Amino acid sequence: SNFFRSTFHEITKEAVKKAIDQPGKLDLNLVDAQQARRVLDRLVGYQISPVLWKKIRRGLSAGRVQSVALRLIVEREKEIAAFKPEEFWELSVALSKQGLVAEQKVFDQAGKTKDNLDRNIFIASLDKINDHKAKLENAAQAKLVAEDLLTATYLVNKVEKTERSRQSLPPFTTSLLQQAAATSFGFSVKQTMSLAQRLYEEGLITYHRTDSFNLASSALEKAREYILAHFGKNYLPVKPRIFAKKSKNAQEAHEAIRVTDLAIDLHNVNDRVSSLTPQHLKLYDLIWRRFLASQMTATIYDQSSIVVEALAKKNKNQYLLRSTGSVLRFDGWRRLFSIAEDQVLPDLQAKDSLSYLDLSSLQKFTQAPPRYNDASLVKELEKRGIGRPSTYASIISVIVDRAYVERTQKKFFATPIGITVCDF
């Protein structure tokens, strides 16, 4: 009854002092949960590992988290081994408003569109055949449809125009930072955590082991002031953006990962800490942009979709082709991140006649599920509520160091010993 618990969610002087001034009672449910994890470690790790040494090979280990991570990789490996690819064909047609563009080659031999095409040209993909979803399973079927499309009469069936907005992403949690660094820079989870540790020790970012989207009120105020001063009021939402964590297992003991001072950016961070490597700078800049972008207004697009009707002259088969494109109207939070250009469609109206220019017929095969990489494995573990922000790097290190899995081209695949341990 004489013990108290001081809780704080951000590692700052003000937060720590406030927590000490306002202590709470111990939560015995949290105490029991911690003891349950210790018991599981002893039951699973301490008891099973010696069995693995005796039956398979010395030096192996089992644990309540690493065993599940290995099982995921092994199951994916078995899915890939059992996968049987299925053939399918994709047909695309290059079109333009009638009379505007002469018939010409638009696709190269690989089926890609050539550069610097006339703005009146657009690409439509086969969608339906006689009101049924198009499904071409072999070359013979594709050839018959291609012959129809070569001589068909093309007409705009309808044009759909909508406004689409995309809200900004939340600030980084540990798992999201690891996934983004792996996707953007090819960093391993262990490398990302090592770089983040240095940034944290230098006082450049907040604590980097967290599963919370919460941000300190003072940080929100500074972010809004920075956005207003550097980008203008159009980039500032009416209210601060608050993100809710969807995972029921989230402890939310710390705030989200953010920079401690927005005035320190990629251009002057070396003035603060001169010994940072280019990898440190990349990660710091990513955290800086993600934090600031999380408090900016939405990106707005004008999206259009053109449905084209093609009527075959020989057998009167009716084909529907679809083309979608969008134009960026307002960049919003995307001002801090690059935007991939989308196809810009010409201005067309329903019933407009179209001219055929070129056709692409590509043979493809369904793909097996991809092997896990650092980003996708962490995402899967988090989705299943396995592990904690501080454990993702060590989980992967253990299963790699013990040769249960190998990392090839940034992908994990299970080794024979890993499959043996998992099946055992």
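Listed values, structure above:
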quantity: For A62, residues with placed amide H under 5 Å, excluding near neighbours; calculated: S49
quantity: Cross-link table K158/K239; K158/K314; K25/K379; K84/K112, entries beyond 31 Å C-alpha to C-alpha; calculated: K158/K239; K25/K379
quantity: Those aspartates and glutamates that a straight Cα-Cα span of less than 13 Å connects to K282, excepting residues fewer than 8 apart in one chain; calculated: D265
quantity: Ordering of 63-70, 146-153, 399-406, 98-105 by burial proxy (mean other Cβ atoms within 10 Å per residue, highest first); calculated: 63-70, 399-406, 146-153, 98-105
quantity: Among T297, T391, T277: highest mean-square fluctuation, GNM of the chain, C-alpha pairs under 10 Å; calculated: T277
quantity: Per-residue ³J(HN,Hα) for region 36-53, Karplus 6.51 cos²θ - 1.76 cosθ + 1.60, θ = phi - 60°, Hz, x for Gly and Pro; calculated: 5, 5, 5, 5, 4, 4, 6, 5, 7, x, 5, 8, 8, 4, x, 5, 5, 4
quantity: Amide hydrogen neighbours beyond the local backbone of F88, cut-off 5 Å, H modeled; calculated: K364, F365, T366
quantity: Average Cα contact separation per residue, the chain, under 8 Å, 6 or more apart, as relative contact order %; calculated: 28
quantity: Per residue, in Å², the accessible surface of the chain once ligands and nucleic acids are set aside, probe 1.4 Å; calculated: 57
quantity: Coil-residue trypsin sites (Lys or Arg not before Pro) of region 236-328, DSSP, other Cβ within 10 Å capped at 15; calculated: K246, K248, K313, K314, K316
quantity: Highest-fluctuation residue, F412, F291, F231 considered, GNM on the chain with Cα pairs under 10 Å; calculated: F231
quantity: Anchor K55: lysines whose Cα lies under 24 Å away (excluding residues fewer than 8 positions away in-chain); calculated: K78
quantity: In order through region 217-224: 3J(HN,Hα) via Karplus (6.51 cos²θ - 1.76 cosθ + 1.60), integer Hz, x for Gly, Pro; calculated: 4, 5, 5, 5, 4, 5, 5, 5
quantity: Accessible area of the chain belonging to carbon and sulfur atoms, whole % at 1.4 Å probe; calculated: 50
quantity: Within straight-line cross-link reach of K383, aspartates and glutamates at Cα separation under 17 Å, skipping those fewer than 8 residues along the same chain; calculated: E75, D211, E252, D374
quantity: Longest to shortest principal axis, alpha-carbon extents of the chain, angstrom; calculated: 89, 64, 42
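The values are calculated or read from the model by the stated rules, or taken from the named source; none is laboratory data. This is a predicted model, so every value here is computed, not measured. Backbone-built Cβ (ideal geometry, glycine too); neighbour counts: all protein chains shown. When the accessible area is computed, the model is the full protein with side chains, heavy atoms only, and any ligands, DNA or RNA have been set aside. Shrake-Rupley method; radii C 1.70, N 1.55, O 1.52, S 1.80 Å.
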